[in-house]
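A.B. asks: Here it is, the structure, as structure tokens.
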Amino acid sequence: MKNDLIHPLAFVPTMGALHAGHQSLIEIAKSKSDEVVVSIFVNPLQFENKEDLAQYPRSIESDITKAESSGATYVWAPTFEEIYPDKPEIIPAGKIGNIFEGVHRFGHFDGVMTVVKRLFDLVKPEFAVFGEKDFQQLFLIKQMVRELSIPVKIIEAKIIREDDGLAMSSRNIRLSVSDRARATIISKALTEAAMSKNPRSTLNKVLASEPSFQIDYAEIIDSDSFEIADKSTANPRAIVAGWLSGVRLIDNMAMGTKS
Ligand code: PAF
């Protein structure tokens, strides 16, 4: 890691395969600081499934071009040894790391917390930008930063969607043309739920209309605690994850308002 970077610096950790969603994170980082570090590291610790790790898209040359054109001043693609010179000390994500995504991706969030802590230790950013697309990840990173008193301000970035509503994701390129069309059911269900008086039932009803989407979970949670939401919840949010022909997709949306 370069050590002549000028502080304050803003940091965007990524696993590469950059798309417009990442580019929006980099642009937000640039609005916080002239010096913007983008890391590209496919972290094996957060893949519970070896096949998913092997299939994770890698496109370093175009990633560098996209990162620089969005305002990155330093693109850093560390090796495994740079990040984990010794056996890594695993940072447990705790109780909320074991629900929803944590049930379906066992150990995933421990891997995410471990790499993010390590990246923060190496980059020492004043700001770090994370997308709301991975809402549970964002929640857990904020929790870790609070609990470990890490001196970084977490900036939350809105989900960037394709014109037809599909949340941008590095995994979308693995969808066949027909599955790509079917995938719009997720944002349709979220949008209808957000406008509905009974978001939980609307969400599940709309998702069920596309039987090829195999749901891992579809729930309304309290954004502030990750508990299941009820009528008194101030900031309810729908979270969805599932599969289309072997490609796992996740999305979420604030309820009561379209976001
Ligand atoms: O969201 C991601 O791309 C990854 O989980 C992160 C935060 C870069 C850690 O590997």
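A.B. asks: Grab the DSSP H runs of the chain that are 4 residues or longer, score each as -39,500 (n - 2.57), total them, divide by all residues and round the 222 nm result to the nearest 500 deg cm²/dmol.
C.D. replies: The per-residue figure over the chain is -10500 deg cm²/dmol.
A.B. asks: Tell me, what is the FRET efficiency for Asn3 and Ser232 to the nearest 0.05, using R0 = 51 angstrom and their Cβ-Cβ distance as r?
C.D. replies: 0.55
A.B. asks: Ok, one more. Please give the contour-minus-distance gain from Glu48 to Ser245: 0.36 nm per residue of separation, less the Cα-Cα distance, rounded to one decimal in nm.
C.D. replies: Computed gain between Glu48 and Ser245 is 69.0 nm.
A.B. asks: When DSSP assigns beta bridges and you keep just the ones with both residues in the chain, what percent turn out antiparallel, to the nearest 5?
C.D. replies: Antiparallel: roughly 55 percent of the beta bridges in the chain.
A.B. asks: Identify all lysines with a Cα-Cα distance to Lys66 below 26 Å; exclude those on the same chain that are fewer than 8 residues away in sequence.
C.D. replies: Answer for Lys66, where 26 Å is the Cα cut-off: Lys2, Lys30, Lys32, Lys117, Lys124, Lys133, Lys153, Lys158, listed by chain and number.
A.B. asks: Still on this structure: So, in nm, how far is label Phe80 from label Ser62 when the simple model puts each one 7 Å beyond its Cα toward the Cβ?
C.D. replies: 2.6 nm
A.B. asks: Here is a further query. I need the calculated FRET efficiency for the pair Gln214 and Leu148, taking r as the beta carbon distance and R₀ as 30 Å, to the nearest 0.05.
C.D. replies: 0.25
A.B. asks: I would also like to ask the following. What whole-number value in Å² describes the accessible area per residue of region 2-157 for a 1.4 Å probe?
C.D. replies: I get 47 Å² per residue for this part.
A.B. asks: Still on this structure: Can you classify the chain as rounded, prolate or oblate using the Cα gyration tensor, where a ≥ b ≥ c are the square roots of its eigenvalues, rounded means a/c under 1.5, and otherwise it's prolate if a/b beats b/c and oblate if not?
C.D. replies: prolate
A.B. asks: Still on this structure, I have one more. Compute the distance from the alpha-carbon center of region 113-127 to that of region 13-59, in whole Å.
C.D. replies: So the two Cα centres are separated by 14 Å.
A.B. asks: Quick one: accessible surface of Thr114, probe radius 1.4 Å, all protein chains present, in square angstrom to the nearest 10.
C.D. replies: Looks like 10 Å² after rounding.
A.B. asks: Measuring from label point to label point, each 7 Å out along Cα→Cβ, what is the Val177 to Glu156 span in nm?
C.D. replies: Placing both labels 7 Å along Cα→Cβ, they lie 3.9 nm apart.
A.B. asks: Extension gain Ser69-Asp164, at 0.36 nm per residue separation less the Cα-Cα distance, in nm?
C.D. replies: 31.7 nm
The values are calculated or read from the model by the stated rules, or taken from the named source; none is laboratory data. Given the structure is predicted, the values throughout are model-derived calculations rather than measurements. Note that each Cβ is placed from the backbone with ideal geometry, even for glycine, and that neighbours are counted across all protein chains shown. For accessibility, only protein heavy atoms count, side chains too; no ligands or nucleic acids. Shrake-Rupley method; radii C 1.70, N 1.55, O 1.52, S 1.80 Å.
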